[in-house]
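Comments concern the structure below.
Just so it is clear, none of the values below were taken in a lab; they were calculated from the coordinates. Worth saying up front: this structure is predicted, and the values here are computed from it rather than measured. Note: ideal-geometry Cβ built from the backbone for every residue, glycine included; neighbour counts use all protein chains shown.
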Amino acid sequence: MASENRVQWVYASKDRGELAARYDEWAKDYDADLANDFEWRGAELAWATFAKYVSSDARVMDVGVGTGLAGWELTKLGFSNMDGFDLSPGMIEEAKAKAKAKAKGWYRSLKVGVLGEPLGD
């Protein structure tokens, strides 16, 4: 499936469960699709701006962590006190694998969760 079609497919989800399942399915190819098909630099640009206004010792909650793109960018900018959560277990697994592969676990914790609902312990 072409990446452009995959974006439409994800956004056409009828409920949270279907959305999570579709992101789970896309998780392994997500970063490559963003880079190759969309020339995505959103995380890099957004977090460079964020770092101008927030101290690198601040505690950061990465909501919708996905594959950890934002965490990686923040780590390069000196941030280390980060937690993240995402609706998709597949995306969380990709974020964990990416951190392990780079030999630096940049998130203190990564959990499956839904914005607006209790995050648990």
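Observations on the structure shown:
- Working from the Cα coordinates of the chain, the gyration tensor eigenvalues give, after taking √(5λ), semi-axes of 24, 18, 13 Å in decreasing order.
- For the set 14/111; 76/98; 28/52, the pairs lying more than 25 angstrom apart at their alpha carbons are 28/52.
- Cα-based helix-to-principal-axis angle, 42-53 vs the chain, degrees rounded to 10: 30
- With contacts taken as Cα pairs under 8 Å at a separation of at least 6 residues, segment 3-112 carries a relative contact order of 25 percent.
- When +1 charges are put on Lys and Arg Cβ atoms and -1 charges on Asp and Glu Cβ atoms, the dipole computed for the chain relative to its Cα centre reaches about 440 debye.
- Share of Cα-Cα pairs in segment 27-68 lying beyond 16 Å, as whole percent: 49
- Comparing 39, 94, 73 in a Gaussian network model of the chain (Cα springs below 10 Å), the most mobile by mean-square fluctuation is 39.
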